[in-house]
Each structure stands twice: as C-alpha cells, then as structure tokens.
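Structure, as structure tokens:
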Amino acid sequence: MQDSDPTADGPRPLLPDSLRRLAAWCALLLLVSGVVYVGIRLCDEFRTAVVPVLLALLGTALLGPLHRRLVKAGVQRSVAAGLTCVAVAAVVGGAVYIVVAALIDTGDEIVASLKDAARGISEHFGAAGTSLDDLASNARQLLGKFGGSAASGVISGVSVVGETIAMAVLALLLVFFFLRDSDKAAGTLRALSPRGSADTLEAMARRAFHAVEGFMRGTTFIALIDALCITVGLLVLDVPGAAGLGALVFVGAYIPYLGAFISGAVAVLVALADRGFVIALWVLGVVLAVQVLEGHVLQPAIQSRTVQMHPAVVMVAITAGASVAGVLGMLLAVPLTAAAFGVLQELRTRYGDQEPSPEPSTDS
C-alpha cells in the first residue's frame, strides 16, 4: 500500500515549527511584561495602600512562628497577635532609637573627621578651586540662589515623614489582622478562586508565602549573627555607640549587599571620628571578616535551605527595586523575587513534567 501525499491534509505552513514556537514565546513574554509594567504603575499610584500590605506580609512571614507558638501555648489568637505586634514595635522602636542616638552622639565628630580628611587631600594635591573655603563659598551661593527650593524641599520632607509614619502604623495594624486571621486565608482564597483553579492557586500562594517566610527567617538569623559579631568587635576596640551600630547592622542586613556596605561604612566613620585612623582600620577589618563569614559560611548554610537564588538574580532584583521605589524597593525586591521563584517552582512541579500523550497511529 502506497503512503499518502503529506501535502494532501492541508496547505503547508508559511513558517517552520521552530519559528512559530519562538513567536509564541515572544508574544507571551511581551504580554507578561505589559502586565507587570501596568501592575508596577498601579502599585506606584496606590503606594500608600500597597506598601503597607507588602510590609505587613513580610512582617507576618517573619512573626508567624512566634504567633503560632503562642496559640499552641493556649493564648487566644487575638491576644497572641496583639502581643506579637507589641513585641515587634518595641524591638523596632528600640533599635531605631539606639541607632539615632548613637549617630547623634558621634555626628559632630564624624563631620570633623571628614573635614580633616578633605583638608588633607586638598593640601596634598593642591588643586585650585577645591579647597574647603572655595567649597563653602560655592555652597553659600547655591543656598542663596535656591533658598526657596530648599524651603519647599523641607516641606515635602515633612510630608514624606508623615506619610511614612502613617504607612508604618497601617502596616502594623495589618500585621495584627493577618496574624489573627491567618487560619482563614486558605478558605478565603479558595472561595475567591475561579472554578477548577482553587487547588492550583492555593498551592501557588502557599509556595510563595513559604519562600518569603524562609527568606525572612534566614535573613533575620544571619542579621543577628552579623550584628552580634560586629558589636563584640566594636566593644573590644572601645568604639562608642557599639550597640547602636550593631542595631544598624541588623537593620541593614535586610537589604542584601548595599545594607551591609552602608552600615559597615558608618561603623568605620564612627571609629575614625573617635579613635583615629588605626582603630578605623581595625574596624574595617572586623566588618570585612564578618562579611566574608556571611558570604562563604552563613549564606550557603542558611539561605540554601530556605530560598535558593543566585547572587546575580539578587543584585538585579535590588537594582530594579531601587529604580522603581528607591530604598523601599530595595527592601521589597528580594522577598518579592523569592515569592515569584516559589510560584514558578510550583508551576514547574505541576505542569513542567507533563509530557504530551502520543498521537494515535494512522498507518493502515
């Protein structure tokens, strides 16, 4: 029996299968990029409502284990959520107070040390027009020209501070409600899900939340170790404000790479202002040693068990978050990326291993 003509079933497609698949993936990528861009624009427009929700989710992921332990101990869910929120408010408020007090106490000395360093550099190189007197006179001229802009900047700064405080209070209240009603989250999600997709959406949400919870738990543990090590080093070197600088290291650890750099630089400047150049070098050595310990021991041992992301992905996420929302974007970028990776892993687990069933043979 002769084989049938392969062109008899229909016209031959204009493009080969490989190009059609590439075009389909490009169309999907453009669609996803458009949805993400519109979502980012909407979040920016409604940031006073979106940011507290995101911060509350991070706080819930971090404080969830403590709340569950209190509930298991027999404490009512509302009381346990309230105690948890009071504890976190006390810890965060105390850390901010210690950091600000330490920086205020050594602020004048830091500025004086920086002026001495700048004066020494200008005298060594002797570049015309770069002396401190020239810089001061130029600064006075700029302040005289843009005094109105500075005043408006102060007013806008006050409004930013008020907006930040309002968002922080709203985030704390949302943490309370999220912790109290966390047992109803799965049922609410299933009730709002389209028919037939409840199991998939619940699995994706659980995987994303577990990824964020793992990131927050691992980052907090690493931040605590870094803060303790640097605080002990500063106490041994008799650097003033060691507790405040350790608290700054702890807070800065939630912004990978950049937070450690900023907090370490502040510690070195404080040591330079109060103890001199040699002690500042010792503090720099302590900071670098702690960072090496974090990068080669703590990160592989802790974060690899909680969330797996390549350092390049982390740096790209931080850069993108900074371009969208500044420091707050850097804080939220990595946990949101971890949640996205968790969703992708769940989708790959559910649908990636499915192979298309073979078509029935038409041979006679």
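Give the residue that is modelled with the lowest pLDDT, with candidates limited to residues of region 252-274 that are part of a helix (DSSP H, G or I) and surrounded by fewer than 18 Cβ atoms within 10 Å (Cβ to Cβ).
First, pick out the residues of region 252-274 that are part of a helix (DSSP H, G or I): 252, 258-274.
Remaining after also requiring surrounded by fewer than 18 Cβ atoms within 10 Å (Cβ to Cβ): 258, 261-262, 265.
Values: LEU258: 73, PHE261: 81, ILE262: 82, ALA265: 85.
Ranking the qualifying residues of region 252-274, first place goes to LEU258.
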Residue among THR220, THR188 that is without any contact (Cβ under 8 Å) to a residue 60 or more places away in the chain and in a helix (DSSP H, G or I) | THR188
Considering residues that are more than 20 Å from VAL53 (Cβ to Cβ), open to solvent by 30 Å² or more (accessible area, probe 1.4 Å) and either assigned to a helix (DSSP H, G or I) or of a type in the set (Asp, Glu) (or both), the number found within region 308-330 is 8
Looking at region 44-53, is at least one residue under 19 Å from the mean Cα position of the chain (by Cα) and charged (D, E, K, R)?
-> yes
Can you run down the residue pairs with Cβ atoms below 6 Å, 6 or more apart or on separate chains, where the first is in region 83-94 and more than 13 Å from ALA56 (Cβ to Cβ) and the partner is of a type in the set (Phe, Trp, Tyr)?
-> none
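State yes or no: is LEU245 open to solvent by less than 30 Å² (accessible area, probe 1.4 Å), part of a helix (DSSP H, G or I) and more than 21 Å from ALA338 (Cα to Cα)? Walk me through it before giving the result.
Details: open to solvent by less than 30 Å² (accessible area, probe 1.4 Å): yes; part of a helix (DSSP H, G or I): yes; more than 21 Å from ALA338 (Cα to Cα): yes.
Against the criterion (open to solvent by less than 30 Å² (accessible area, probe 1.4 Å), part of a helix (DSSP H, G or I) and more than 21 Å from ALA338 (Cα to Cα)), LEU245 qualifies.
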From the options LEU281, LEU234, residue that is crowded, with 22+ Cβ neighbours inside 10 Å, more than 30 Å from GLN345 (Cβ to Cβ) and at pLDDT 85 or above | LEU234
Does LEU179 satisfy the criteria of being under 23 Å from ARG68 (Cα atoms), part of a helix (DSSP H, G or I) and either at pLDDT below 85 or under 19 Å from the mean Cα position of the chain (by Cα) (or both)?
-> no
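Does VAL71 meet the test of being modelled with pLDDT under 85, in a helix (DSSP H, G or I), of a type in the set (Val, Ile, Thr) and surrounded by 14 or more Cβ atoms within 10 Å (Cβ to Cβ)?
no
The values are calculated or read from the model by the stated rules, or taken from the named source; none is laboratory data. Given the structure is predicted, the values throughout are model-derived calculations rather than measurements. Neighbour counts are summed over all protein chains in view; Cβ atoms, including those assigned to glycine, are modelled from backbone coordinates with ideal geometry. Areas reflect the complete protein model, heavy atoms only, side chains present, ligands, DNA and RNA absent. Shrake-Rupley method; radii C 1.70, N 1.55, O 1.52, S 1.80 Å.
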